[in-house]
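Data first, discussion second: the structure below is written as structure tokens.
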Amino acid sequence: MRAAGWLLPLFTYVAGAWGFYIPSLSPQTFKVGDKVPLEVNRAFSEHVPLPFAYYDLPFVCKPQHIERPWLNIGEVLRGDRTASSDYELVMGKNTTCQVLCAKELSAEESVEAGRFIEQDYMAEWLVDKLPSATVYMRPLDKGKSYEPGFRLGDYDAGRKQA
């Protein structure tokens, strides 16, 4: 019975040492020139409870070949729909405004795209399995605010147009 008195705290301590693990996330080091994976995930809104897979959006160009990784239960319950993308990021290389594709929208697709923007949908991409974010500068205290993902567009409620 005496042994049980010190075994329980020992097992609790040892279990705690290995207790921090995030499934499918392990540190990765990139060197200058290495490709950094960029995956697309989902479109979500704080006003509408229904997330969409990024490639289900009517104005998004889909790659020829889409790879979908296995998701853990937490990612599935959160609404993640991770998929590969054709975007290329290279460590240490600053690249701006590259056109990936051009897509002509029908009138119906254009109206649907406008609805996504009106409902304040945001897109989430993952860079090396870390979610993207938008940085905003606060004018009063010159601090920074972060918002998950990035907005699909801007809606002017006064003019009722995206």
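The values are calculated or read from the model by the stated rules, or taken from the named source; none is laboratory data. On a predicted model such as this, the values are computed, not experimentally measured, just so you know. To get the accessible areas, we keep the full protein, side chains included, count just its heavy atoms, and leave off ligands, DNA and RNA. Shrake-Rupley method; radii C 1.70, N 1.55, O 1.52, S 1.80 Å.
Listed cross-link partners K31/K62; K103/K129; K103/K142; K31/K142 are compared with a 31 Å cut-off, the Cα-Cα value being larger for K103/K142; K31/K142. 3J(HN,Hα) along region 143-150: x, 10, 10, 10, 10, x, x, 9 Hz, from the Karplus curve 6.51 cos²θ - 1.76 cosθ + 1.60 with θ = phi - 60°, whole Hz, x for Gly and Pro. In order along region 69-75, the Karplus-derived 3J(HN,Hα) couplings, from 6.51 cos²θ - 1.76 cosθ + 1.60 at θ = phi - 60°, round to x, 5, 10, 7, 4, x, 5 Hz, and Gly and Pro are given as x. For region 31-41, 3J(HN,Hα) computed residue by residue from phi via the Karplus equation (6.51, -1.76, 1.60; θ = phi - 60°) reads 9, 4, x, 6, 6, 10, x, 10, 10, 8, 10 Hz, glycine and proline entered as x.
The residues of region 40-162 present an accessible area of 71 Å² per residue when probed at 1.4 Å with all protein chains retained. For region 60-162, carbon and sulfur atoms together expose 53% of the accessible surface, with a 1.4 angstrom probe and every protein chain in place. Solvent-accessible surface of protein heavy atoms, probed at 1.4 angstrom with all chains present, puts L126, L50 in the order L50, L126, largest first.
Seen from all directions on average, region 39-116 presents a Cα convex hull projection of 7.0 nm².
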